[in-house]
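Q: What follows is a single structure, and I will ask about it in a moment.
The values are calculated or read from the model by the stated rules, or taken from the named source; none is laboratory data. Computed from a predicted structure; not experimentally measured. In this analysis, Cβ positions are derived from the backbone assuming ideal geometry, glycine residues included, and neighbour counts consider all displayed protein chains. These area figures cover heavy atoms from the full protein model, side chains too; ligands, DNA and RNA do not enter into them. Shrake-Rupley method; radii C 1.70, N 1.55, O 1.52, S 1.80 Å.
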Amino acid sequence: MSRFVQLHYLTAYPPSNPNRDDQGRPKTAIYGGVPRLRLSSQSLKRAARLSDVMRERLEGHMGERTQRLGEEVREHLLLEHGADEARATEIARKIADIFGKVDGPAGKKDGQEPAHVRIRQLAFVSPEERAEAFSWAERMLAGEDPPTDLKDQVLRTADGAADIAMFGRMLADDPVFNREAAVQVSHAITTHKAVVEDDWYTAVDDLKRPAEDAGAGFIGEAGFGSGVYYLSVCVDTGLLVRNLAGDQGLAGRAMEAATEAFATATPSGKRNSYGHHARAGYLRAEAGEVQPRSLAAAFLRPISGDDLMAASVESLEAMAARFDLAYGPQASASSVMHVDAGTGDLKTIQAFVAAQVADG
């Protein structure tokens with residue numbers, strides 16, 4: 001088993017706005033003294049988690065990030081077990097409290113809606129924890145008193161939730177059940193100088209008569225940008241296996257799925273307006289025992305020229321070689337896919353990363 005697996009992606013996005021700031025414009029960063037477009041780590045991880053590849057290949061092993069588990073418990077008790085509303089709400093609040101502080105008052109008053117059973121924070125809940133929570137709700141409805149250590153009965157420090165194992169979670173009130181992320185994901189930035197452009201657009205009223213003014217029904221403005229983005233992903237394979245309760249087979253499948261997801265899934269912002277279904281044009285996978293290093297320094301001096309992808313690949317590979325020269329070999333093995341050069345393929349890289357968590 002290799003201790004670390006590193007994945008370096010170069011992906012060309014067409015004009016788009018997949019990850020917006022508080023103004024609704026593409027996120028940016030200053031790097032190397034010039035503006036770049038940026039995709040946040042959070043948006044990339046969410047795109048991967050919700051991708052078809054991860055949902056299908058890791059079915060039954062994906063958690064849910066939600067405030068609403070208590071609401072589902074209440075509905076389950078009401079609809080499936082015929083519980084009265086007050087009792088269902090009481091139990092749902094106790095179950096929800098396992099995962100975070102419950103919001104709102106503790107009872108129904110003067111014909112108002114039932115008491116809130118939603119927690120204040122988003123909690124990352126594994127399938128095993130969800131099943132145990134529903135089981136205890138049913139047992140409590142049947143009259144069984146919950147143990148004083150109910151949280152210890154429901155929460156897990158390791159199980160089969162692949163996305164929680166990869167991306168971690170924090171339970172502020174119960175840090176013993178936090179899980180350290182086995183996968184570190186950088187913000188993706190353009191390898192070259194890039195600025196936000198303005199799109200001034202109009203919408204036409206289909207029912208406006210010719211005799212009326214010729215103006216549009218609506219006028220708006222939106223930002224967009226395009227470029228070649230560099231993304232770095234690092235996996236601590238030992239931690240991934242531990243987070244998955246020692247299941248190396250599941251860890252390997254998770255590695256395969258995540259590798260493809262980061263190559264093919266994109267943040268969903270304004271997707272219907274821009275259709276930014278991008279695919280990585282270059283992917284370098286590395287494995288070894290040496291402390292991980294980003295190759296973002298390859299783009300500290302912004303790339304320029306007529307072929308930004310080719311120049312980005314050249315700079316990235318040159319930086320990797322310079323690190324090897326200065327520090328010694330930074331990886332014991334590697335595998336590369338380069339779409340424009342027609343070398344390598346995704347399946348080969350997936351097999352390579354999955355092999356890094358096998359017994360060795």
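Q: Taking springs between alpha-carbon atoms closer than 10 angstrom, which of A203, A12, A165 fluctuates most in the Gaussian network model of the chain?
A: Maximum fluctuation in the GNM of the chain, among the listed residues, is at A203.
Q: Go ahead and set up a Gaussian network model of the chain, Cα springs under 10 Å, then flag whichever of G227, G60, G238 fluctuates most.
A: Per the Cα network of the chain with a 10 Å cutoff, G60 tops the list.
Q: Just the accessible area per residue of the chain, please: how many Å² with a 1.4 Å probe?
A: About 50 Å² of surface per residue is accessible.
Q: Within the chain, what whole-number % of the accessible surface is contributed by carbon and sulfur, with the 1.4 Å probe and all protein chains included in the calculation?
A: 48
Q: Can you show me the helix-derived [θ] at 222 nm for the chain, built from DSSP H runs with n ≥ 4 at -39,500 (n - 2.57) apiece and divided by the number of residues, rounded to the nearest 500.
A: -10000 deg cm²/dmol
Q: When only Cα pairs under 8 Å and 6 or more residues apart are kept, what is the percent relative contact order across region 300-357?
A: The normalised contact order for region 300-357 reaches 15 percent.
Q: Here is a follow-up. For the chain, what does the relative contact order come out to in percent, with C-alpha contacts under 8 Å and a separation of six or more?
A: In percent, rounded to a whole number, it is 29.
Q: Can I ask one more? Quick one: compute the contact order of region 82-227, relative version, from alpha carbon pairs under 8 angstrom and 6+ residues apart, as a percent.
A: For region 82-227, the relative contact order is 16 percent.
Q: What does the C-alpha gyration tensor say about the overall shape of region 116-208? Classify as rounded when a/c is under 1.5, otherwise prolate if a/b is larger than b/c, or oblate.
A: Oblate, because a/c is 1.5 or more while a/b does not exceed b/c.
Q: Would you check the accessible area of M170, probe 1.4 Å, heavy atoms only, in square angstrom rounded to 10?
A: 140
Q: Sticking with this one: Counting other Cβ atoms within 10 Å, keep those with at most 11, restrict to DSSP loop, and tell me which trypsin sites (Lys or Arg not before Pro) in region 1-89 are left.
A: The qualifying sites: there are none.
Q: Sticking with this one: So, taking all protein chains as they sit and a 1.4 Å probe, how much accessible area belongs to T157, in Å² rounded to tens?
A: Accessible surface of T157 is approximately 80 Å².
Q: Something else about it: Rank A321, A181, A296 by mean-square fluctuation in a GNM of the chain with C-alpha springs under 10 angstrom and give only the top-ranked residue.
A: A321
Q: Rounded, prolate or oblate, given the Cα gyration tensor of the chain, with a/c below 1.5 counting as rounded?
A: oblate
Q: With the cut-off at 1.5 for a/c, could you classify region 145-199 from its C-alpha gyration tensor as rounded, prolate or oblate?
A: prolate
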